[in-house]
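So the structure is just underneath, and the comments pick up after that.
The values are calculated or read from the model by the stated rules, or taken from the named source; none is laboratory data. Note that the coordinates shown come from a computational prediction; the quantities given were computed from them, not determined experimentally. Counting neighbours? That spans all protein chains shown, and the Cβs are built from the backbone with ideal geometry, glycine included. Please note that ligands, DNA and RNA were not included when accessible areas were found on the heavy atoms of the full protein model with its side chains. Shrake-Rupley method; radii C 1.70, N 1.55, O 1.52, S 1.80 Å.
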Amino acid sequence: MATATAYLDRVLPAIDRLAERFAALVTAVPDPAVPIPDSEWTVRDATAHVVSVARRYIDGPEGRGTWVADPRELEALNDAQNRTLAGLDMAELAARLRRDLTALAAQLRAYGTAPPSFRFHGGEPVAADVALGILLGELAVHGWDIARAVGRPWPIDPGDVDLILDGVEPILPGWVDPARAGHLTATFEIRLRAGSTRRWSFRNGRLKVAADGRPDVRISADPVALLLVFYRRQSQWPHIARGHLLAWGRRPWLAFTLATRFHKP
């Protein structure tokens, strides 16, 4: 991981770029009541969620906001926070998102080289600058959801996936699903094509990121395919058939189970 300032210099422009695309997408939707496929939300619900989420990254470093220790409680929190935005139309939601992201960028810059940490959903600590990678993932994935619902293109920059994983990795141990991870002991090495290599190690069902040791399975992944499979937006099987996801090593079959070891984002 780069220094706080260096990471901000990469992630903030990515958030700005994606937020503008997101705002343009949602304000052009003719009917915000269109349902999101495979979800109980509408386009408006998903938009309100992204707006409420952006505020969390302002509140968290200042010791404010509501954070759940168990990711399974997050659905109820999301719905409750969506209801607080019920009076805003799509243009107003987009405007609030822009305002909050401007305030967030100024706040993070003001921390300098020592941004505070806060406990994210799932209970793991994350530095305020690194957490912006998670926010970038929210914009990328929910933008993809909305674009899919209304039949619009939503290309995801493969370079953004590295930034998203930088943010997600610190909180991953708190997102392990004990019912799915069980007593798993195995090390996964994930190689993003034209990107970084990550190593995640389960020991008796508990996860450690940036682990040492020989991997049990290595995964070569197209970054966008990995993101959408990991966030449970697409099935892994078409990507495997197309060569977007490849696995090898001592226990290559474990690659098929990786995404399911975690609670759904």
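Things to note:
- Checked against (1) outside any helix (DSSP H, G or I); (2) in contact with a strand residue (DSSP E or B) (Cβ under 9 Å, 6 or more places away or on another chain); (3) open to solvent by less than 70 Å² (accessible area, probe 1.4 Å), residue 69 passes all but a single condition, namely (3).
- Residues located in region 210-264, provided they are open to solvent by less than 70 Å² (accessible area, probe 1.4 Å), under 29 Å from residue 73 (Cβ atoms) and outside any helix (DSSP H, G or I): 211, 231, 233, 234, 235, 258, 262, 263
- Lone unmet requirement of (1) in a helix (DSSP H, G or I); (2) open to solvent by less than 40 Å² (accessible area, probe 1.4 Å); (3) in contact with a Lys or Arg (Cβ under 6 Å, 6 or more places away or on another chain) for residue 190: (1)
- Total residues in region 82-103, condition in contact with a helix residue (DSSP H, G or I) (Cβ under 7 Å, 6 or more places away or on another chain) and in a helix (DSSP H, G or I): 11
- All conditions but one from (1) at positive phi; (2) touching a residue at least 12 places away in the same chain (Cβ under 8 Å) apply to residue 151; the one that does not is (2).
- Of all residue pairs spaced 6 or more apart or on separate chains, those with beta-carbon atoms under 8 Å, a first member in region 70-85 that is in contact (Cβ under 8 Å) with a residue 40 or more places away in the chain and a second member that is buried (at least 16 other Cβ atoms within 10 Å of the Cβ) and assigned to a helix (DSSP H, G or I) are 71/174; 71/175.
- Pairs are defined by a Cβ separation below 9 Å, a sequence spacing of at least 6 or placement on different chains, a first member in region 222-249 that is acidic (Asp, Glu), and a second member that is open to solvent by 50 Å² or more (accessible area, probe 1.4 Å); the pairs so defined are 222/158; 222/193; 222/242; 222/244.
- In region 170-187, residue farthest from residue 258 (Cα to Cα) [restricted to those that are open to solvent by 30 Å² or more (accessible area, probe 1.4 Å) and either among the hydrophobic types (A, V, I, L, M, F, W, C) or out of contact with any helix residue (DSSP H, G or I) (no Cβ under 8 Å at 6 or more places or on another chain) (or both)]: 170
- Of the listed requirements (1) more than 17 Å from the chain's Cα centre (by Cα); (2) over 22 Å from residue 232 (Cβ atoms); (3) open to solvent by less than 60 Å² (accessible area, probe 1.4 Å), residue 45 misses just one: (2).
Matching residues to (1) hydrophobic (A, V, I, L, M, F, W, C); (2) surrounded by 18 or more Cβ atoms within 10 Å (Cβ to Cβ); (3) out of contact with any His (no Cβ under 6 Å at 6 or more places or on another chain); (4) more than 29 Å from residue 34 (Cβ to Cβ):
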residue	(1), (2), (3), (4)
79	no, no, yes, no
110	yes, no, yes, yes
131	yes, yes, yes, yes
138	no, yes, yes, no
141	yes, yes, yes, no
144	yes, yes, yes, no
148	no, no, yes, no
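- Every residue from region 113-145 that is in contact with a Gly (Cβ under 7 Å, 6 or more places away or on another chain) and assigned to a strand (DSSP E or B): 118
- Of all residues making up region 33-66, the number that are closer than 21 Å to residue 144 by Cβ and either not polar (S, T, N, Q) or not in a loop (DSSP other than H, G, I, E, B) (or both): 23
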